[in-house]
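Accompanying notes for the structure given below.
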Amino acid sequence: MAIPNVKRFRPFCPTCNDTFTLMAVLPNEANVDTYLSEAVARHDHKAFSDAKAAMNKVRVGQQKQVKKK
Ligand SMILES: [Zn+2]
């Protein structure tokens with residue numbers, strides 16, 4: 001099922017010192033720069049760092065589980 005007009009952005013959050021992925025449907029007349037600066041201002045830094053830590057754990061786990069076929 002395709003979602004129409006969803007764009008992916010990678011704004012940089014100076015608080016997290018990292019970029020985060022943002023999926024959004026923006027009207028054509030929307031100002032992307034304004035939208036992204038607002039998104040960074042609203043960024044949930046705690047949740048982001050938790051998710052990043054969890055992601056790193058999964059990555060390490062996957063590396064350990066690599067099996068030869
Ligand atoms: Zn942040």
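Any read-out appearing in this document is the output of simple, stated calculations on the displayed coordinates, not a laboratory observation. All of these numbers come straight from a predicted model, not from anything done at the bench. Ideal geometry is used to build each Cβ from the backbone, glycine not excepted, and the neighbour counts take in all protein chains shown.
Among the residues making up region 22-47, those that are within 12 Å of the ligand (Cβ to nearest atom) and either in contact with a strand residue (DSSP E or B) (Cβ under 9 Å, 6 or more places away or on another chain) or among the hydrophobic types (A, V, I, L, M, F, W, C) (or both) are L22, A39, V40, A41, H43, H45, A47.
Here region 11-56 is the region considered, the condition is being in a loop (DSSP other than H, G, I, E, B) and of a type in the set (A, V, I, L, M), and the residue that is nearest to the chain's Cα centre (by Cα) is L26.
Condition check ((1) touching a residue at least 12 places away in the same chain (Cβ under 8 Å); (2) surrounded by 10 or more Cβ atoms within 10 Å (Cβ to Cβ)) across all residues:
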| position | (1), (2) |
| --- | --- |
| P14 | yes, no |
| A30 | no, yes |
| V40 | yes, yes |
| K46 | no, no |
| S49 | yes, yes |
